[in-house]
Structures are given as structure tokens and as C-alpha cells.
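J.: Quick one: the structure is below, questions incoming.
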Amino acid sequence: MAADPEVLARAIATPMVERISVDDTGRALTEPLRDDIRYLGGLLGDVIRSHAGDETFELVENSRRDAFGIRYADVTRDQLAGRYTDREVSELMPVIRAFTNFALLANLAEDLHRERRRRIHLRAGDPPQPSSLQATFGRLAAAGLSDADVAEALRAAEVVPVITAHPTETRRRSVFDAQNRITELMRVRARTELTPDEDARLSDDIARQIVLLWQTALIRLRRLTISDEITTGLRYYGASFFDVVPALNNDVRAALVNAYPGAGLEDVSMITMGSWIGGDRDGNPYVTAEVVTEAASSAAEAVMRHHLTELAALHQELSLSARLFGPVTRPLAALGSGFAPPGEPGGVDDEPFRSAVTAVRSRVLARALVTLGEDFIDPAERSAAESSAPYDDAAEFLADLDVIDAGLRAANDDSIADDRLAALREAVRTFGFHLSGLDMRQNSETHEEVVGELLAWAGVCADYTGLDETARIDLLTAELASRRPLTSPDAELSDLAVKELGVVHAAAGAIDRFGSAAVPNYIISMCSSVSDMLEALILLKEAGLYRPGAVDSSTGPTCTVRVVPLFETIEDLRDGAATLTATLSLDFYRDLVRTQGNTQEVMLGYSDSNKDGGYLAANWALYRAELDLVAAARETGIRLRLFHGRGGTVGRGGGPSYDAILAQPPGAVQGSLRLTEQGEIIAAKYAEPVSARRNLESLLAATIESSLLDVEGLGDDPEQAYADFDELAELARAAYAALVHDTPGFVEYFTASTPLSEIGALNIGSRPTSRKQTTAISDLRAIPWVLSWTQCRVMLPGWYGVGTAFEQWIGDDEARLAQLASYYENWPFFRSVMSNMAQVLAKSDMGLAYRYAELVPDADLRNRVFSMIVDEHERTIAMYAKITGTTDLLADNDALKRSVYNRFPYLEPLNLLQVELLRRFRAGEDSPLIRRAIQLTMNGLATALRNSG
């Protein structure tokens, strides 16, 4: 159906920012932010003029003015686009760099403004803000929970952000460091009363960093490698995690123990870290055994450097003299390993705590020598490493630090014990000798192919893939009971099988070197059956990680690596609980789960379910799946831990984490939560300690609240709401499928109207855009699917189909409209769905989208598909207004509203430049410069939008 010409014309002509209302109060609140942006923008302008010349500066400045003129209808997009059409790519490159650097500086200013507002609230003594731990503990106190209630929910509490690679988060270390230096200088500017001379020097310092930013290439010329991604992921530990995570764990533990002294939570460390970078080989042929080893070793090196550095600093600080506190240092004698305090046989010098730290550090060096090799050890310290007994594990290291802690407290030096030593003790609890758990992930189809080959080579089954599910389960169960391997060193196997076996053997090597926490999980993508789960165990068995029980059944099977099914499609989410229950019905598997703390982890895939069924259908499928999985866990007597595969964008499960966690169904959190963090979201959340603390605190707050409080808001009988959303989800899925799966030529439209092809052709990320070399939407990876729609400002995965579903379900029935309005007011799940969708709609822009649609050569196809998109866009906005009672898409998110209003005009040049460059590139103008320019526009838009894929 074609869109109404007037609707189409309005959609094309009106920037979406005009649908966002910012009143005088909002503008007043952001005046300091705008001052910072003007200040940084002015310094950037000076740098552009001095380094790129007056002509480039004028082009950038005129582009900026035109971008704001478009908002006020003083300038048309044609006029702004016309500035670029006749210029060489070399002339356009500085413009792209200018607006990308401005986006980096604007992000920085916004983060500082949030920090400023938070400090204002704290100084004013305002009630604690939602998502803060102070607010959470207030809610717990009001609920009157007993120590036993809290103990039951939080004794095994665990919150695990899992860092993943992302093609648009490719900032170089030099850029990252320059941003952090500017941030620190801007903090000084904001909090210090400067003299005129000091202010001038500070401005010079900031300008100098902006010069470095301008003169530093934002992206690499070569394709990003997995080694680059590993380095990028580890960067955040030095930037924030090493400081923030131990401190936050200590603070939360102290608060819990103080509020609930009988809950037995003295040893709880809630936050640990995970990673997929170097272990996720689903669709990434570049993840090999060598890469797994590199990822695990690099992580271990990072944490070992941290421990050794902190021990060196501790040695410098603990200059306490035995002459001043005498025999109370006797607890240090428990260190053993040749250490004895003064006055004891073999006693050392007058500074026993320094001697104790030296002894401990020598054993850490010895551990590093054994696990990381002599190249890691400074030659000056090799003798100490070689002459000491290495720690067997991190627990032994922690025990010695506990002894030093006890010695300090015996000397009445609690304040010293509570400083660097306390942080180091918590760092050892949290990071061990491995730093973070590296998850392995592979697609179930690959497992099926490799296991079939192994079974055929061993003479067990010539045609495994030809068996039905029951026969597969029987065969695999028998193999998992046998101690006999399926391979031998002389096995003649395919390259795929050799590679897959190499990966699991490398994981076994990492576990042997760094401990079982180094590789805790094996995730099965596109898991849809019991045999999918058992096939992964077969591979783990070949590496010696899965061990069958004793022949006489006196002991059961063991495996330090958990097998984690990932339910991704709508159907797999629907059947996930049945798959889990069927797997747990196998006696040997149930015995295995018991040895793993009676806990089964299940991962939920936001990205592929969305690509499969659309936004509303996917969100409801996830909610329903969680309800069913919670029930299955209750029936089978296991503890369920859910792992949320959230991307940066709403279309991939993004949105505010605090709200998303509170929107989970009852029983879905239970003190434990794992979730992926990726893309620009990682930098936005964790690039420096203040924002990292705030964001990690919100994860903890939501996890604690969801575990201990009734947050669903549907009362005792939620079944009507569930039934209503079953219907709504089916309507939304049908509307989505009518476009994405059933419209002839849709794939052609999508490919031509977005930068999809260029994402694959340019050096973005280490991973191919598709799992297979096909053009099918089902085989396309979720990141390029969402990234493509985001770059062209359609944002389709975050809203398409929702308006039709609401309109059809409500019809003319005002009672149904009132029911949805009630759900919006009272049900966190629905409120979160609507809020996240509104955020996406606010970032969409059909006028800019039409510019990309014009890249589709088939005019009939272009008009037909774009009209469907515009129709649904208008319908969805209208239905949102009816249900929520407001036409303001960001009425519930003032901070984002002000951000969108202030910064979005600056995206206009980047979008228009990208369209111009794509047009030229596809017309045959291919050169390294134009490819780099297109990549820069992608990077700039990703930076400015802050959650592009």
C-alpha cells in the first residue's frame, strides 16, 4: 500500500528532532552543557582553521549553520547536500573528520554534564536517584526483608558484564587516551576557581589535546584483527575496571553485611567480568586455537601486571616499623614460605609488612614465570621468581593477603588495611589470575558437522546427520558415558574438524594454565534441540574437559565448562524450556549439573529473534521464554541463570540496563545476571571510572531489586496481560514479516538503501557480515543488519510492526486502548518496551532515510518499500501517542531528549556526506581515499548515535 502523498512529503521534509519538545526549563538545565560544547567546539574550530585552512573551516562552519537551519526550515537538505556534490573526496575528508571529532567532544561534554547534575543532586541532599545503590537499599529497608530472605536471594549473587567485539567500536588507543586527558582537564576547569593565567594555560592544554586528536587518524588503514579487538577490550581494565570493580564489590558487601548481618554475605563479590573476544567463533573464521590462547594469555598478563604493580605500591606504602608496635606482627608468621617477622628464627628486618609483601610478590612472580613464561618477567626480578614457590591458585594468593590484613588490624592499623590492600584483596577475588572468563561460542550446525565427522572416522556411525533426534540422543549419551576418545593424533580430518578440535584443546590449555574460571562457558548458537547441547559436550570430552563418571557409577560426570544453550529465533525461544527440560531428563546430564553448583545457564538472543520476528514479537518471545524457563527450573529443581545477549541498540536488546533488568519476569534474575556489553556502549559506559562506577552500580541495583522485590506490577493474576501480548506479538510479527520476509525485492531494497555492502567491503571489524555466503536475511549477522538500518536513520529493527499491531488489536475498542495505557503505567516490561521504542523513533529520520532510498536504482521498488516504511513509522508514532498520552517521544527521558535536541543537527552533514560518497562509490569511483571516507562517516555516525549496532 502506498503512503499518502501528504504524509510522505511531511515525513521527508520534517527532521525528527521537531517531534521532540524541549521547554525553557530543559534548556536552562543544559546551559552548562551547551557552554561546554560551545567551548570545545570553538577550540576544535580554531584547530581546524590553523591545520586545515580557512576554506575547510568555512565549509565546516557553513555546514554547521545549514544543519541548524534545516531544523528551523531556513535551509533545505538539498542546499546542504549541494555543498558536497562537486567537491573532491580529499576536500570532504576534513569535514567528516571535523564532525566526527565534534561527536567525540560532545559525548565527553554530555558525560561530564551527567556527572555535574549528579553532584548537584548529592550536594543538595535530594532523595537518591533510581538505579543508585542508596535508593535500592532504601527500597529494601522499606520492604522489611529478613536476613534469611536476603541470604536466599544473594548468597550466590553474580553480575557479569561480558565484553564483546564490535565493528564500529574501533577507536585507536591514541584517540581513547586523548579523550580521557580532555575529560580530566575539563573536570579541573569545572571544579577549580582559576586565575585568568591558570584558565588560559588550561585552555592551552585542552587545545593541545584537541590538536593531537585532530592530527591522529581515527581509524586504522588495515582491517581490524582479533588481536586489535582483544587489545581494545583489555583497555577498559586499566581505564576503569581495575579501580572501580573491586571498590564497588567492597562497598556492596559492606552495605549488605551492615543491613543484614545474619545473611552470611561476608564473602560475596557480586561483580565479575567476562569476555567473548577471541572465543566467539560463530561466523568468525579467524578465531583459531592460537587466538584462544592469545586471548586467555593477554588477559592473564593484564591482571598479573595489575597485581604486581599494586604489590610494588603496597611495598612502598607499608613502611611500618616493628620497633613501634612490637609483637602484634606475629600473625604474619602464618605466611610461611621463608618469611618470619623480626625476633623469630630467620627473621628479616625492621619493616615486617614490607618483608611480607616482598615474599608474596615473589610468589606471584613465580606464578607468572610458570604460566606466562620468562619473557613476561623483568630480568631484574627473574631471580626472585625462580627462587620462590609459585602460588597454585588465586585462593592461595588471597589467603596470604588476608594474613597481611590481619597483621595490620592487629597493629591497630585498620585504616591502612582498608585502603590499597583491601582493593587488592578484592581484585584477587574478582579477577584471580585469569582476569575474566573467556566464553567459547559456536553455531550448532558446525557442531553437528564436526561431530558427525568424528563419529564416522571412529567407526561409530557412518551417517550421524541422517539420524532422527531420538537416535542422536541415544548415540551421544552412549559416547558421553565412554572413556574412549573419538580421535587420535593420526586422524585424517577436515580442516573444519581440525580447527574446532584445536579450539577446545586450546581452551583446555588455558584452563590448565590459568584456572577453571579462565574459560567457564561453551555457548551453542542457534540451539534448538537436546542433541545440539550434547554435541558440544562431545567436543569438550575430546579435549579432556568433560570426563565421564566411573564405570561403577560411584562418581558422576564432571566438566568445569558449562554448556549454555543460546535460544535465538522466535521458535527456539518458544521451545527453549522444553529443550532444557528434555536435556535435564537425561540422568547423566542432571548429575553433571549437580556438580556445577546445580546451576544451568541459558542465554537469550535478542538480535536474531528481532531480525526473525521484529521488535515487539521478539521482546515478547523473550519474556515468555523467561517465564517458561523459570517454571522449568522450578520443576526440575535447578537454579537458573540467564545470560542476556543484549547489543548496543534497542533492535539488539539495548536500552537502559536498569530498566531492562527490572522489566524481567518474576524469578528470572535470582541474584545472578550475565549480559553482553558491546559497541559504542562500552566506551560510553566504561571508558573512565566515574561513568563505569555509575553504570556498574545500576546493574547491581537492578539485580538486587529484581531478586528481592516484586517489580512486575501485574498483581496476582497476570495471565490476562500475557494473553493480550500473545495476540499483540503475533500481529506485530505478521506486519513485520509482510515487509521483511514477504515483500518481493525487499533484500534488494535493503542492500541498496543502506551501507550493508560497504560494511562487508570496507575494513570494519574482524568478522564477516554473514554467517554464510548468501544474501538471505536469515544468514545475515545481526550487527550489520542493525548497523545498516541505523546508519541510514530508518532504525527499522527497533519499531517496525508495532504500530500495526496496536492499531489492529485496539480497533475501535476504547477499553482495549485503556488496557494498554494501564499496562504502560503499571508494568515495567511494557513501559520499557515503549520507552526504548520511542528512543529509537526519536533517532530515526525519514527525510534522511529517503536520501538513502534514492540509492535504490529500481524506482518502483524504491517507492513501494519506502512507502511501507513511512506508513508504519507514522502509524507507530501515532499509536505511541494514544497509549502514553503524549506526543513527546522522549517525555520520560529528559537527559536523552536534551542530548538528541542539542546534538542531532550535527549528524546531518555526516549522513548527507555518506549518501554522497556511497553514490560515487557505487558508480565506480573506487579508491583507498573514498573507502576510508565512507568508513569514517560510519564511525562518525556510530560515535554520534552512541549505540549504532
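J.: Looking at Ala543, Ala497, which is the one that is within 18 Å of Pro285 (Cα to Cα), surrounded by fewer than 23 Cβ atoms within 10 Å (Cβ to Cβ) and touching a helix residue (DSSP H, G or I) at 6+ places or on another chain (Cβ under 6 Å)?
T.: One residue alone meets the criteria, Ala497.
J.: Moving on. Quick one: is Thr183 in contact (Cβ under 8 Å) with a residue 12 or more places away in the chain, part of a helix (DSSP H, G or I) and under 23 Å from Ala660 (Cα atoms)?
T.: Values: in contact (Cβ under 8 Å) with a residue 12 or more places away in the chain: yes; part of a helix (DSSP H, G or I): yes; under 23 Å from Ala660 (Cα atoms): no.
No; evaluated as a whole, the condition is false for this residue.
J.: Of the residues Asp126, Asp111, Asp149, only one is acidic (Asp, Glu), buried (at least 16 other Cβ atoms within 10 Å of the Cβ) and closer than 30 Å to Arg38 by Cβ; which?
T.: Asp111
J.: Within the range 281-327, which residues are part of a loop (DSSP other than H, G, I, E, B), buried (at least 21 other Cβ atoms within 10 Å of the Cβ) and more than 32 Å from the chain's Cα centre (by Cα)?
T.: If the condition is that a residue be part of a loop (DSSP other than H, G, I, E, B), buried (at least 21 other Cβ atoms within 10 Å of the Cβ) and more than 32 Å from the chain's Cα centre (by Cα), then Leu318 is the only one that fits.
J.: Would a scan of the range 74-92 turn up a residue that is part of a helix (DSSP H, G or I), within 32 Å of the chain's Cα centre (by Cα), exposed (fewer than 14 other Cβ atoms within 10 Å of the Cβ) and acidic (Asp, Glu)? Spell out how you get there, then give the answer.
T.: Within the range 74-92, the first condition is being part of a helix (DSSP H, G or I), and the residues that meet it are 77-85, 89-92.
Applying the additional criterion that residues be within 32 Å of the chain's Cα centre (by Cα) yields none.
No, because not a single residue in the range 74-92 is part of a helix (DSSP H, G or I), within 32 Å of the chain's Cα centre (by Cα), exposed (fewer than 14 other Cβ atoms within 10 Å of the Cβ) and acidic (Asp, Glu).
J.: Could I ask something else about it? Identify all residues within the range 486-512 that are within 23 Å of Tyr464 (Cα to Cα), small (Gly, Ala, Ser) and in contact (Cβ under 8 Å) with a residue 24 or more places away in the chain; write none if there are none.
T.: The answer is Ala491, Ser494, Ala497, Gly502.
J.: Hand me the list of helices (runs of 4 or more DSSP H) wholly inside the range 351-452 holding 3 or more residues that are under 19 Å from Ser298 (Cα atoms).
T.: Ranges flagged: 352-372, 422-431.
J.: Taking only pairs six or more apart or across chains, which ones have beta-carbon atoms under 6 Å, a first residue in the range 265-285 that is of a type in the set (Asp, Glu), and a second residue that is surrounded by 24 or more Cβ atoms within 10 Å (Cβ to Cβ)?
T.: Short answer, once both residue conditions are applied: Asp282/Gln442; Asp282/Ser525.
J.: With the requirement that a residue be free of Cβ contacts under 8 Å to residues at least 24 places away in the same chain and either crowded, with 20+ Cβ neighbours inside 10 Å or part of a helix (DSSP H, G or I) (or both), what does the range 867-898 give you?
T.: Result: Ala881, single match.
J.: Would a scan of the range 229-237 turn up a residue that is assigned to a helix (DSSP H, G or I), among the small types (Gly, Ala, Ser) and surrounded by fewer than 17 Cβ atoms within 10 Å (Cβ to Cβ)?
T.: no
J.: Does the range 218-227 contain any residue that is touching a Leu at 6+ places or on another chain (Cβ under 8 Å) and surrounded by 16 or more Cβ atoms within 10 Å (Cβ to Cβ)?
T.: Within the range 218-227, one or more residues are touching a Leu at 6+ places or on another chain (Cβ under 8 Å) and surrounded by 16 or more Cβ atoms within 10 Å (Cβ to Cβ).
J.: Right, next: For the range 627-681: of the residues being at pLDDT 85 or above and more than 27 Å from Glu152 (Cβ to Cβ), which is surrounded by the most Cβ atoms within 10 Å (Cβ to Cβ)?
T.: Going through the qualifying residues, I end up with Thr676.
J.: Please go through the range 571-604 and give me each residue that is in contact with a Leu (Cβ under 7 Å, 6 or more places away or on another chain), in contact (Cβ under 8 Å) with a residue 60 or more places away in the chain and buried (at least 18 other Cβ atoms within 10 Å of the Cβ), ordered by number.
T.: Passing the criteria: only Met603.
J.: For the range 394-429, give me the residue count where each residue is under 33 Å from the mean Cα position of the chain (by Cα) and buried (at least 16 other Cβ atoms within 10 Å of the Cβ).
T.: Total satisfying the criteria: 14.
J.: Restricted to the range 514-528, and to residues that are of a type in the set (Ser, Thr, Tyr) and surrounded by fewer than 21 Cβ atoms within 10 Å (Cβ to Cβ), which residue is farthest from Ala296 (Cα to Cα)?
T.: Ser528
J.: Pick from the range 728-751 the residues that are closer than 14 Å to Gly613 by Cα and of a type in the set (Asp, Glu): which of them is nearest to the chain's Cα centre (by Cα)? Steps first, please.
T.: Within the range 728-751, the subset closer than 14 Å to Gly613 by Cα is 728-742.
Checking the rest, the ones that are also of a type in the set (Asp, Glu) come to 730, 742.
Details: Glu730: 29, Asp742: 32 Å.
The qualifying residue nearest to the chain's Cα centre (by Cα) is Glu730.
J.: Let me ask something else. Restricting to the range 682-713, and then to whatever is among the acidic types (Asp, Glu) and at pLDDT 90 or above, can you tell me which residue is nearest to Arg235 (Cα to Cα)? Step through it out loud before you land on a result.
T.: Restricting attention to the range 682-713, the residues satisfying the condition of being among the acidic types (Asp, Glu) are 688, 697, 705, 710, 712.
So of that shortlist, the ones also at pLDDT 90 or above come out as 697, 705.
Working: Glu697: 20, Glu705: 31 Å.
If we take residues in the range 682-713 being among the acidic types (Asp, Glu) and at pLDDT 90 or above, then Glu697 is nearest to Arg235 (Cα to Cα).
J.: Any residue that is touching a residue at least 12 places away in the same chain (Cβ under 8 Å), in a helix (DSSP H, G or I) and of a type in the set (A, V, I, L, M) - is there at least one of those in the range 154-173?
T.: Yes, the range 154-173 contains at least one residue that is touching a residue at least 12 places away in the same chain (Cβ under 8 Å), in a helix (DSSP H, G or I) and of a type in the set (A, V, I, L, M).
J.: When the range 444-457 is examined, which residues are found to be surrounded by fewer than 20 Cβ atoms within 10 Å (Cβ to Cβ) and within 16 Å of Val563 (Cβ to Cβ)?
T.: Passing the criteria: only Glu448.
J.: Show the residue pairs that are 6+ apart or on different chains and have beta-carbon atoms under 6 Å apart, the first residue being within the range 118-130 and within 24 Å of Ser706 (Cβ to Cβ), the second being surrounded by 13 or more Cβ atoms within 10 Å (Cβ to Cβ).
T.: Hits for this filter: Pro128/Gln134; Pro128/Ala135.
The values are calculated or read from the model by the stated rules, or taken from the named source; none is laboratory data. Since we're looking at a predicted model, the values are computed, not measured. When we count neighbours, we look across all protein chains shown, and the Cβ atoms used for this are built from the backbone with ideal geometry, even at glycine.
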